[in-house]
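The values are calculated or read from the model by the stated rules, or taken from the named source; none is laboratory data. Everything numeric in this text was worked out from a predicted model, so none of it was measured. In this analysis, Cβ positions are derived from the backbone assuming ideal geometry, glycine residues included, and neighbour counts consider all displayed protein chains. Quick note on the areas: whole protein, heavy atoms, side chains included, nothing else; ligands and nucleic acids left out. Shrake-Rupley method; radii C 1.70, N 1.55, O 1.52, S 1.80 Å.
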There are 2 protein chains.
Amino acid sequence: MTDLNREKCEACRSGAPKVEGEELRALMREIPDWSVESREGIMQLERRYAFPDFARALVFTDKVGELAESEGHHPRLTTEWGSVTVTWWTHKIKGLHRNDFIMAARTDRL
Amino acid sequence: MTDLNREKCEACRSGAPKVEGEELRALMREIPDWSVESREGIMQLERRYAFPDFARALVFTDKVGELAESEGHHPRLTTEWGSVTVTWWTHKIKGLHRNDFIMAARTDRL
């Protein structure tokens, strides 16, 4: 088990390799509550967090937003009554970078 | 032109009639930047607001959240770098109530 949730994002350039194959499977084992979704050919990490109401969902959205700003890497945050769905991917490479797994693990730690 | 954005939501019960037909067309003229989306047979009002970065998108999300809490009627808020997509509909009637048009108009006023 690595300490993915203690890692920092590294600078990501357009040509950086996507995470796939065995590396993808190994990293997914580190964040077992997340799933991989493919949308318009772009792989994304996604997890839905449940909350008892809207206000507490929005507080979590703000916390994830703060984390995102601190790392300069931003997810899609879908806030509804009772849930927040967090989606991480890397626009520059139209897919998954190690940074996305780091951010998923750090989102879990919030 | 009514003052939709000055109206308050009324209590909505399960059997309340959905907005449709001519009433729907008339109300849509009051909120010209919104579109009607149908998802799994449920009509929803949707608008994407553009922002220059993530932080300002999140500030808007919080403002809409505050409005939602004040009226006890809650949208889906999808926050991304550069945009917030706001979606209003009424769970109880699985469709659009006049309240949703009021909330859309009030969202525009933020």
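Structure notes:
- Complete set of residues in segment B:67-105 that are part of a strand (DSSP E or B), open to solvent by 20 Å² or more (accessible area, probe 1.4 Å) and touching an Asp or Glu at 6+ places or on another chain (Cβ under 8 Å): B:76, B:85
- The listed residue being closer than 15 Å to residue A:54 by Cβ, of a type in the set (Val, Ile, Thr) and in contact (Cβ under 8 Å) with a residue 60 or more places away in the chain, out of B:78, B:90: B:90
- Positions within segment A:1-14 being surrounded by fewer than 16 Cβ atoms within 10 Å (Cβ to Cβ) and either polar (S, T, N, Q) or without any contact (Cβ under 8 Å) to a residue 12 or more places away in the chain (or both), in sequence order: A:2, A:3, A:6, A:11, A:14
- Test: residue in segment A:46-54 that is among the aliphatic types (A, V, I, L, M) and surrounded by 11 or more Cβ atoms within 10 Å (Cβ to Cβ): no
- Residue match in segment B:55-65 (condition: closer than 24 Å to residue A:59 by Cβ, open to solvent by 40 Å² or more (accessible area, probe 1.4 Å) and of a type in the set (Asp, Glu)): yes
- Segment A:24-62: number of residues that are among the hydrophobic types (A, V, I, L, M, F, W, C), over 15 Å from residue A:106 (Cα atoms) and either within 14 Å of another protein chain (Cβ to nearest Cβ) or within 14 Å of the chain's Cα centre (by Cα) (or both): 10
- The set of residues in segment A:65-85 that are facing chain B (nearest Cβ under 9 Å) and among the hydrophobic types (A, V, I, L, M, F, W, C) comprises A:68, A:77, A:81.
- Scanning segment B:29-45 for residues that are open to solvent by 20 Å² or more (accessible area, probe 1.4 Å) and either in contact with a Leu (Cβ under 6 Å, 6 or more places away or on another chain) or touching a residue at least 24 places away in the same chain (Cβ under 8 Å) (or both) gives B:30, B:33, B:36, B:37, B:41, B:42, B:43.
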